[in-house]
Amino acid sequence: IQDRWGELTEQVIRDNPYNLIELGIGIGFHRADRIAVQLGIPPDSPHRQRAGVRLAMREINGMGHVGLPRPEFVERAAVI
């Protein structure tokens, strides 16, 4: 983590712990979410919403989909 963000590491994590998901170091959405709660980030944070949408997009892509009807996508993203 330090290699990626250097001296800005603490600030980057405090501002948006969901950034940790993208590093490929074993921190998934739920763990980043727990960190966010500990840091006082509200559950309706735009950072959380974007991370959930990105994860849903990755999951449906991994299933071979290139798109889904909006209601189905929203349903899948809400489960994350």
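Here is the figure for segment 54-66: residues that are open to solvent by 60 Å² or more (accessible area, probe 1.4 Å), assigned to a helix (DSSP H, G or I) and within 13 Å of residue 76 (Cα to Cα) total 5. Restricting attention to segment 1-19 and to residues that are of a type in the set (S, T, N, Q) and in a helix (DSSP H, G or I), the residue that is surrounded by the most Cβ atoms within 10 Å (Cβ to Cβ) turns out to be 19.
Residue count for segment 27-48 satisfying the condition of being of a type in the set (A, V, I, L, M, F, W, C), open to solvent by 100 Å² or more (accessible area, probe 1.4 Å) and under 12 Å from the mean Cα position of the chain (by Cα): 0.
With respect to residue 51, is the statement that it is touching a Lys or Arg at 6+ places or on another chain (Cβ under 7 Å) and surrounded by 13 or more Cβ atoms within 10 Å (Cβ to Cβ) true?
no
The single condition among (1) part of a helix (DSSP H, G or I); (2) within 21 Å of residue 75 (Cβ to Cβ) that residue 22 does not meet is (2).
The values are calculated or read from the model by the stated rules, or taken from the named source; none is laboratory data. Everything numeric in this text was worked out from a predicted model, so none of it was measured. Counting neighbours? That spans all protein chains shown, and the Cβs are built from the backbone with ideal geometry, glycine included. The protein model used for the area step is the full one, side chains on, heavy atoms only, and it has no ligands, DNA or RNA in it. Shrake-Rupley method; radii C 1.70, N 1.55, O 1.52, S 1.80 Å.
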